[in-house]
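This report refers to the structure that appears directly beneath it.
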Amino acid sequence: MGRAFVYVILGGGVAAGYAALEFVKKGVSHGELCIISDEPVAPYERPALSKGFLLPEAAARLPSFHTCVGANEERLTPKWYKEHGIELVLGTGVKSTDVKRKTLLTTTGETISYKILIVATGARALKLEEFGVSGSDAENVCYLRHIADANRLVDVMQSCPGGNAVVIGGGYIGMECAASLVINKINVTMVFPEEHCMARLFTSKIANYYEEYYKSRGVNFIKGTVLSSFDFDSNGKVTAVNLRDGTTLSVDMVVVGIGIRPNTGLFEGQLTLEKGGIKVNGMLQSSNSSVYAIGDVAAFPVKAFGETRRLEHVDSARKSAIHVVSSIMEPNKTGEFDYIPFFYSRVFTLSWQFYGDNVGEVVYYGDMSGSAFGAYWVSKGHLVGAFLEGGTKEEYEAIAKATRLRPAIEDLTELERQGLSFAVTVSQKPVVPPPVEVRASDLLLEKPLYAWHATAGVIIAASIAAFAYFYGKKRRRW
Ligand SMILES: Cc1cc2nc3c(=O)[nH]c(=O)nc-3n(C[C@H](O)[C@H](O)[C@H](O)COP(=O)(O)OP(=O)(O)OC[C@H]3O[C@@H](n4cnc5c(N)ncnc54)[C@H](O)[C@@H]3O)c2cc1C
């Protein structure tokens, strides 16, 4: 026995919150929509967990960052869901699904049926054990994906003021956590296998800017190696980190950010998967017409690049959520999802945004010894990506628009000379974006990991590959 709904959203993260708001804007009736989440709280802005949540003073706490405050929209508290007749089933996992019968079985034993299912299960943090290193369960080893992880991280930080932390991984989780640890007066060493931080998005020149800034704040970098084991005390607490290059670091705490894996397990064998996610079309509809997927778990066609990608950005989660509700409730008025990848981060007093794709030739602009600089990526004669540190709202909007318009670039030197003003000028002109050639192979074939374009959306997947490569090498030696 169980309940039945017209719409069920499986997962209660960023995408679920934005979809709920859109359902209400589009007039969903009371009792039609249900959200099921294994987290005990209503949807919230996940990026806050590595930023405001970790501040030593005036830290962000719920209910202040429930969705959809990150997009300057309404803050959806549990009361809001109640008032709008949306059933919020919290602290309840879904353990199996049957897309033919349109049912979900929850961990409480209830069968919930739907007419339309939106999968918004996001992703999980990869564990060290998946690379052959044990110790994830130690009380001073932290991951960061859910609010429970963030609470734990705060507790561990507060238990070792002035202590030593090792951050494993040089992606955005590692970088943002390292900055927060420093702000909490903890000494930080970052360890990662690549040559520089944010390896799949940043060029070495861009990465150097951030690494130098981090060093000026006391962060130590150990690159080109990986964790091989931990030493423990008699209580099972980690006391030292042993690296493959022979280095041993004494620690009071460890933060691990080595990548994520989309939560597709409930649908394997039932839906078509691609690039690690649930493959959907431009309406965000999966291979089963009653099932849609959004956010980190969805692999969707990025029209501007003419290929399917799975992105791990909060903006993509928000926009795909809004689009899926239109696809479902107003199919005749809704076109295909047309999204330009967008990724951002804020650490210390720094703040950057990236739009588009980081393929082709790189043209730098601005003053890398100052506080504002950027880069363009030019591929096949067109601007395809843009990065900016320290911009104003208008400047970020300009690089976003310029990337979307893909203007033709004939002279890279001239682009360098014009710098940011190129994007500002282009963004003010009505330019028609050139048609993009869609290669059938991109849509139909799953490429191996190493061949993926390294956009922000696949940074984490690619850094997993780097870890896997190093650990693979290690395993082969044993
Ligand atoms: C600490 C942190 C900082 C970040 N910072 C940035 C940033 O600065 N910029 C940026 O662009 N992106 C950032 N991101 C990425 C961004 O938060 C994600 O892209 C976004 O949260 C994806 O939204 P989602 O709804 O797809 O998944 P999620 O927000 O992860 O939500 C998925 C939800 O589904 C639940 N769930 C999964 N499986 C089940 C199940 N079987 N049953 C019930 N519930 C289930 C999960 O518990 C979770 O609540 C950050 C992510 C993290 C973790």
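Peptides 333-340, 173-180 ranked from most to least packed by the mean count of surrounding Cβ atoms within 10 Å: 173-180, 333-340. Across the options Trp80, Val24, Leu62, the greatest Cα extent toward the positive end of the charge dipole of segment 10-113 (unit charges at beta carbon of Lys, Arg, Asp, Glu) belongs to Val24.
With unit charges on the beta carbons (Lys and Arg positive, Asp and Glu negative) and the dipole taken about the Cα centre of the chain, which residue among Tyr210, Phe300, Asn151 sits farthest to the positive side? About the Cα centre, the residue reaching furthest to the positive side is Phe300.
For the pair Asp233 and Lys185, label points projected 7 Å from Cα toward Cβ lie 2.1 nm apart. Between His84 and Glu32, full extension at 0.36 nm per residue minus the direct alpha carbon distance yields a gain of 17.7 nm. Taking label points 7 Å from Cα along the Cα-to-Cβ direction, Ala240 and Ser134 give a separation of 1.9 nm. For the listed peptides 368-374, 20-26, a ranking on the average number of other beta carbons within 10 Å per residue, highest first, reads 20-26, 368-374. In percent, rounded to a whole number, the relative contact order of segment 264-360 is 21, using alpha-carbon pairs under 8 Å and six or more apart. Here the gap between Glu336 and Ser421, fully extended at 0.36 nm per residue and compared with their Cα-Cα distance, gives a gain of 27.4 nm. Computed about its Cα centre, the charge dipole of the chain is approximately 780 debye, with only Lys, Arg, Asp and Glu carrying charge at their Cβ.
Each residue, Ser216 and Thr349, gets one label point 7 Å from its Cα in the Cβ direction; the gap between the two is 0.9 nm. Fewest-first ordering of Met329, Met157 by other beta carbons within 10 Å of each residue's beta carbon gives Met329, Met157. Computed about the Cα centre, the dipole magnitude for segment 373-422 is approximately 240 debye when only Lys and Arg (+1) and Asp and Glu (-1) carry charge, each at its Cβ. Relative contact order of the chain: 14 percent, from C-alpha pairs under 8 Å at least 6 residues apart in sequence.
Qualifying GluC sites (Glu not before Pro) in segment 344-431, where qualification requires a DSSP coil assignment and no more than 10 other C-beta atoms within 10 Å, comprise Glu410. With neighbours defined as other Cβ atoms within 10 Å of a residue's Cβ, the residues Cys142, Cys34 order from fewest to most as Cys34, Cys142. The simple Förster model, with R0 at 35 Å and r as the Cβ-Cβ distance, assigns Asn281 and Arg3 a FRET efficiency of 0.75. Helical runs (DSSP H, four residues minimum) scored at -39500 (n - 2.57) apiece and divided by the length of the chain put the mean residue ellipticity at 222 nm at -8000 deg cm²/dmol. Which of rounded, prolate or oblate describes the chain when judged by the alpha-carbon gyration tensor and an a/c cut-off of 1.5? Since a/c reaches 1.5 but b/c is at least a/b, the shape of the chain is classed as oblate.
Rounded to the nearest 20, the Cβ-based charge dipole of segment 128-258 about its Cα centre (Lys and Arg +1, Asp and Glu -1) stands at 400 debye.
Ranked by the mean number of other Cβ atoms within 10 Å per residue, highest first, peptides 313-320, 95-102 order as 313-320, 95-102.
Bear in mind that the values in this text are calculations on the coordinates, not laboratory data. Computed from a predicted structure; not experimentally measured. Please note: Cβ atoms are built from the backbone with ideal geometry, for glycine as well, and neighbour counts cover all protein chains shown.
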